[in-house]
Amino acid sequence: DALEVVQYGALSHNPGRYPLFAVKSKQWEDAKPTLLVTGGVHGYETSGVQGALLFLETQAAKYTEQVNILVAPCISPWAYEHIERWNADLKDPNRSFKKGNETEESAALISYIDSLNVKEWACHLDLHETTDSDKTEFRPAKAAEGGSTYKDGIIPDGFYLVGDSEDPQLDFLQAVIDGVEKVTHIAPEKVICGESVAKEGIILFPTKSLGLCGSLSLGLCRGITGGTYATTTEVYPDSPKATGEICNEAQVAAIVAALDFVLATQTEDIPRFYPIGTPGKPWSDDERNQWKESRKYHRSYKEEVLDKLDKLKSNDALEVVQYGALSHNPGRYPLFAVKSKQWKEEMSTLLVTGGVHGYETSGVQGALLFLGTQAAQYTAQVNVLVAPCISPWAYEHIERWNADLKDPNRSFKKGNETEESAALMSYLDSLNVKEWACHLDLHETTDTDELEFMPAKHAEAGLAYSGEVIPDGFYLVGDSENPHLEFHQAIISGVEKVTHIVKDEDIIGEPAKSDGIILVPVNTLGLCGSITGGKCPATTTEVYPDSPRATDAICNDAQVAAIVSG
């Protein structure tokens, strides 16, 4: 339930035999830091692969509340099968993690990680081994291939770490050593791989200059994170004190020790910013129940939504259809859509969704206003389909989460559904729409995001919260994989006749493509904007109701203007 397997590429010389996979948190949240574990960069180093898999099987799920988990367990599958250090092109993948020097293996992983747009790295562990075959096969082959003389080297007897000489983070490295020595012995040598130890079992290399995989989070993300922890583990499987099981467990111990250190560092000085829970600790079931019990009813779904839908039942062009109900109170929270009465399969379909986040009032009321004033005139050209209030419990309680502390707008993907998203997706599937015209998902960005909802989200996950900037004005969130920028610009042009557009160069941490337009990976995030499959133009609207230049009427009109313009 906590993890999903994602294919991010394949080796071109045999893609059917060598697909490339990562495993990541199913509930991926931008607000959380991300743990990166890489294994099998050198395919012959068995415990790098098997240790990563053991971590996924036994430990990873328990950390998904605090961090995003991202594990690439076997980066070089050809080399894993052939028990080789080089790849099939006689290239060392662990010297290729820098621009212009990539192998297929490193290029595929770098591209995939870029696509995730990670805001903050918790730490990165690249799992390796130093084996006797380094001395008998791989280093001699390297020297022979380069036409140089091979000088026999000493293989260190025990576990050690390779850190970054430009950013050592020795306290972090020592915490990993302390965790691993409970499982296996640490290399006692004073010089390891020609480098003097910084501490027992710790040497430092310029990882970025060498293009090591350990530089992946550092080299690509240093400017974003500023203080990333990263290291390369080196297990010695040929020691008489070692077994395959011990080596795998040592890799897991390294990951766990590293992550525990980072989480403790991040949470030790977190001030209280939310009334529920202990700062720095994910909420327990008791604290989640405390949140549920403290929620208050503020407005009537029946009076503000259902009664307006009843009036539409006399509309000659539209019909009101119930497609589900929330199980915890089906009588109070039926789920309705409004669709063209004359539904024609040969016509494309307009989809409008509102109230995915129930507290965002104009998403609901704007959808209802469109139904009451504009929708009928389009029914000769497109099938009209509007789900005006997807999260009615959250609408009544003025909440972002649903009653189960889940964000419905991160749940529009298989295996991660909430009741709200599952009901809508099932209904849309039943309609068997042949072609979508466009989809507008109506939202707001409000001051309560900064005052209540984001603090609650961070507190529930045990993370620090330092506030965020709420943009003043209307903006759109499109899909980075299918931008449809002309569609977005047409909406901006229509809406700016009603309300003001955000002019900031950066909006909620994303660079603006033009005034009031940002792009994010909607499918990866599970946004409602991904529900039509990504082929048709789709966008998420964001109105700012707390602006001194806005009123409720202006916000509702802006949503209608967005639909009509789109």
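The values are calculated or read from the model by the stated rules, or taken from the named source; none is laboratory data. Worth saying up front: this structure is predicted, and the values here are computed from it rather than measured. Positions of Cβ are backbone-derived with ideal geometry, glycine not excepted, and every protein chain shown enters the neighbour counts. The protein model used for the area step is the full one, side chains on, heavy atoms only, and it has no ligands, DNA or RNA in it. Shrake-Rupley method; radii C 1.70, N 1.55, O 1.52, S 1.80 Å.
What the table below lists for this structure:
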quantity: Answer residue from region 1-47, given it is among the small types (Gly, Ala, Ser) and under 17 Å from residue 521 (Cα atoms) and is least open to solvent (accessible area, probe 1.4 Å) among those; calculated: 25
quantity: Residue in region 76-94 that is hydrophobic (A, V, I, L, M, F, W, C), within 24 Å of residue 176 (Cα to Cα) and not in a helix (DSSP H, G or I) present; calculated: no
quantity: Residue in region 310-335 that is nearest to residue 367 (Cα to Cα), counting only those that are out of contact with any Asp or Glu (no Cβ under 9 Å at 6 or more places or on another chain) and open to solvent by 90 Å² or more (accessible area, probe 1.4 Å); calculated: 311
quantity: Within region 456-469, tally of residues that are crowded, with 19+ Cβ neighbours inside 10 Å and on the phi < 0 side of the Ramachandran plot; calculated: 8
quantity: Matching option when the condition is modelled with pLDDT under 95, under 20 Å from residue 438 (Cβ atoms) and crowded, with 18+ Cβ neighbours inside 10 Å, among 522, 560; calculated: 522
quantity: Test result for residue 307, more than 17 Å from residue 421 (Cα to Cα), touching a residue at least 24 places away in the same chain (Cβ under 8 Å) and loosely packed, with under 13 Cβ neighbours inside 10 Å; calculated: no
quantity: Residue check for residue 274: among the hydroxyl-bearing types (Ser, Thr, Tyr) and touching a Lys or Arg at 6+ places or on another chain (Cβ under 8 Å); calculated: no
quantity: Condition met for residue 62 (surrounded by fewer than 20 Cβ atoms within 10 Å (Cβ to Cβ), at pLDDT below 95, of a type in the set (Lys, Arg) and within 30 Å of residue 409 (Cβ to Cβ)); calculated: yes
quantity: Residue ID - least open to solvent (accessible area, probe 1.4 Å), chosen from residues in region 470-511 that are within 25 Å of residue 366 (Cα to Cα) and without any contact (Cβ under 8 Å) to a residue 24 or more places away in the chain; calculated: 496
quantity: Residues of region 419-449 that turn out to be under 30 Å from residue 467 (Cα atoms) and in contact with a Cys (Cβ under 8 Å, 6 or more places away or on another chain), as a count; calculated: 3
quantity: Criterion violated by residue 123 - all others in (1) open to solvent by less than 40 Å² (accessible area, probe 1.4 Å); (2) in a loop (DSSP other than H, G, I, E, B); (3) touching a strand residue (DSSP E or B) at 6+ places or on another chain (Cβ under 9 Å) satisfied; calculated: (2)
quantity: Number of positions in region 311-337 that are farther than 15 Å from residue 392 by Cβ and of a type outside the set (Gly, Ala, Ser); calculated: 8
quantity: Sole exception among (1) part of a helix (DSSP H, G or I); (2) polar (S, T, N, Q); (3) at pLDDT 85 or above for residue 239, by number; calculated: (1)
quantity: Residue 346 being open to solvent by 40 Å² or more (accessible area, probe 1.4 Å) and in contact (Cβ under 8 Å) with a residue 40 or more places away in the chain; calculated: yes
quantity: Exclusive hit being under 22 Å from residue 3 (Cβ atoms), small (Gly, Ala, Ser) and at pLDDT below 95, set 111, 96; calculated: 111
quantity: Residue within region 179-189 that is open to solvent by 60 Å² or more (accessible area, probe 1.4 Å) and touching a Gly at 6+ places or on another chain (Cβ under 7 Å) present; calculated: yes
quantity: Matching residues, region 432-484, being assigned to a helix (DSSP H, G or I) and touching a helix residue (DSSP H, G or I) at 6+ places or on another chain (Cβ under 8 Å); calculated: 456, 460
quantity: Listing of strands (runs of 3 or more DSSP E) fully contained in region 291-397 that carry 1 or more residues being of a type in the set (Phe, Trp, Tyr); calculated: 318-325, 334-340
quantity: Lone qualifier among 338, 382, 356 - being in contact with a Leu (Cβ under 8 Å, 6 or more places away or on another chain), buried (at least 24 other Cβ atoms within 10 Å of the Cβ) and among the hydrophobic types (A, V, I, L, M, F, W, C); calculated: 338
quantity: Pairs where the first residue, in region 161-183, is closer than 16 Å to residue 263 by Cβ and the second is assigned to a helix (DSSP H, G or I), C-beta under 6 Å, 6+ apart; calculated: 172/261; 175/257; 175/261; 176/254; 176/257; 176/258; 179/253; 179/257
quantity: Residue within region 81-94 that is closer than 21 Å to residue 140 by Cα, of a type in the set (S, T, N, Q) and in contact with a Phe, Trp or Tyr (Cβ under 9 Å, 6 or more places away or on another chain) present; calculated: yes
quantity: Hits in region 144-161 (condition: open to solvent by less than 10 Å² (accessible area, probe 1.4 Å) and in contact with a Phe, Trp or Tyr (Cβ under 9 Å, 6 or more places away or on another chain)); calculated: 156, 158, 159, 160
